[in-house]
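K.L.:
Shown below is the structure under consideration.
The numbers here are math on the coordinates, done by the rules we state, and not lab data. Quantities reported herein were computed from a predicted structural model and do not represent experimental measurements. Positions of Cβ are backbone-derived with ideal geometry, glycine not excepted, and every protein chain shown enters the neighbour counts.
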């Protein structure tokens with residue numbers, strides 16, 4: 001929101017700068033004035049980070065503010081940095097914001113200011129002064145904090161309008177898991193809890209935690225056939241549309257084969273099917289399905305069958321080339337049916 005100050009906090013490597021870059025790039029794409037004030041990284045380092053994602057920072061005003069104590073010719077030992085440098089640094093920040101009159105501002109990062117202040121009370125007062133300076137400028141400001149300078153507390157949480165906390169969890173196997181939570185967001189009904197996110201070349205993707213909603217009222221109450229009359233008879237006519245069914249059993253009893261049978265039956269009815277595979281490759285699956293008389297390869301080419309190979313240790317999926325785009329664009333010819341039919345299998 002305009003005239004709001006938001007805090008993005010997290011230890012180094014959690015993705016604060018990547019998120020901030022997307023924030024200002026989106027502003028530039030919308031034709032807004034954007035300002036990125038960096039106190040810890042150089043312009044070249046920011047450009048290199050953007051280049052690694054395939055991004056360009058064209059149209060973004062980058063202000064490289066090097067603290068005085070980091071300049072060899074400006075260092076002094078008579079006065080403490082908090083007595084001189086902190087006030088001058090904050091004045092330079094406010095002056096640049098006033099001159100640029102941006103719509104979006106990023107200040108990266110607060111750790112430099114906290115180290116200069118040395119006193120939590122003085123640091124809090126400087127942030128309050130910054131907030132007062134931003135009032136009425138109709139700009140949205142992100143301030144980043146890498147939580148490396150001590151003392152680190154919650155004193156900033158009471159000043160800013162919103163707090164987003166980024167974390168990364170190192171596990172015994174697989175890739176690092178990244179997650180975020182919205183600790184505070186004034187005037188907004190936010191979704192609490194942790195939400196996973198992925199940083200990959202060219203994207204910062206958030207996966208909101210799932211919430212069980214009431215089923216849509218338009219789902220017709222009907223049975224879904226497997227094209228196996230005997231099995232449908234055992235199930236009272238077939239599976240009920242809109243429900244979830246788990247196939248259980250040891251390896252080799254036919255869970256995948258039965259799931260493929262349901263998928264093939266749906267394709268024959270003109271419906272679409274999505275198959276999420278956690279432990280099987282497309283080559284093995286497609287060849288086995290063809291030997292069973294359930295060749296789904298033609299349905300893949302026209303978008304009626306979506307094969308999505310999941311990576312259990314990563315927040316990534318590996319669909320067959322162009323499957324996902326075709327699957328989303330294909331219209332469902334069955335009136336009143338759901339846009340996607342899923343067949344899931346797990347040992």
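K.L.:
To the nearest Å, what is the center-to-center distance of region 140-190 and region 30-67, using C-alpha atoms only?
P.N.:
That distance is 21 Å.
K.L.:
Report the full-extension gain for the segment residue 56 to residue 287: residue separation times 0.36 nm, less the Cα-Cα distance, to one decimal in nm.
P.N.:
Fully extending the segment from residue 56 to residue 287 adds 78.8 nm.
K.L.:
Given R₀ = 30 Å, FRET efficiency for residue 279-residue 222 by Cβ-Cβ distance, to 0.05? Provide the component values of the computation, followed by the final result.
P.N.:
On the way: r = 32 Å, r/R0 = 1.06.
In this case the efficiency is close to 0.40.
K.L.:
Separate question: Taking 0.36 nm per residue of sequence separation and subtracting the Cα-Cα distance, how much length would be gained by fully extending the chain between residue 43 and residue 29, in nm to one decimal?
P.N.:
This chain segment gains 3.0 nm when fully extended.
K.L.:
Still on this structure, please answer the following. Size of region 4-207 along its principal axes in angstrom, Cα-based, largest extent first?
P.N.:
That gives 52, 37, 36 Å along the principal axes, largest extent first.
K.L.:
Would you please put 111-122, 166-177 in order of how densely packed they are, using the mean number of other Cβ atoms within 10 angstrom per residue and starting with the highest?
P.N.:
On the way: 111-122: 18.6, 166-177: 12.2.
Top to bottom by mean Cβ count within 10 Å: 111-122, 166-177.
K.L.:
Next question, about the same structure. In region 29-65, whose amide N lies under 17 Å from the spot 7 Å out along Cα-to-Cβ of residue 11? List them in ranges.
P.N.:
Within reach of a label on residue 11, which here means backbone N under 17 Å from a point 7 Å along Cα→Cβ, region 29-65 contributes nothing.
K.L.:
With both bridge residues required to lie in region 4-207, what share of the DSSP beta bridges run antiparallel, to the nearest 5%?
P.N.:
Percent antiparallel among DSSP bridges in region 4-207 is about 40.
K.L.:
Okay, moving on. Could you run the Debye sum over the Cα atoms of region 177-254, one equal point scatterer each and no solvent, and tell me log10 of I(q)/I(0) at q = 0.13, 0.22, 0.23, 0.25 Å⁻¹, two decimals?
P.N.:
Here log10 of I(q) over I(0) equals -0.76, -1.04, -1.08, -1.18.
K.L.:
Continuing with the same structure: Calculated FRET efficiency, residue 96 and residue 314, Cβ-Cβ r, R0 41 Å, to nearest 0.05?
P.N.:
0.55
K.L.:
Please report 63, 194 as a ranked list, fewest other C-beta atoms within 10 angstrom at the top and most at the bottom. Walk me through the numbers on the way to the answer.
P.N.:
Details: 63 19, 194 14.
The order, fewest Cβ neighbours first, is 194, 63.
K.L.:
Given labels modelled 7 Å from the Cα in the Cβ direction, how far is it in nm from residue 157 to residue 181?
P.N.:
0.9
K.L.:
Taking only the C-alpha atoms, wrap a convex hull around region 103-194 and report its volume per residue in Å³ as a whole number.
P.N.:
129
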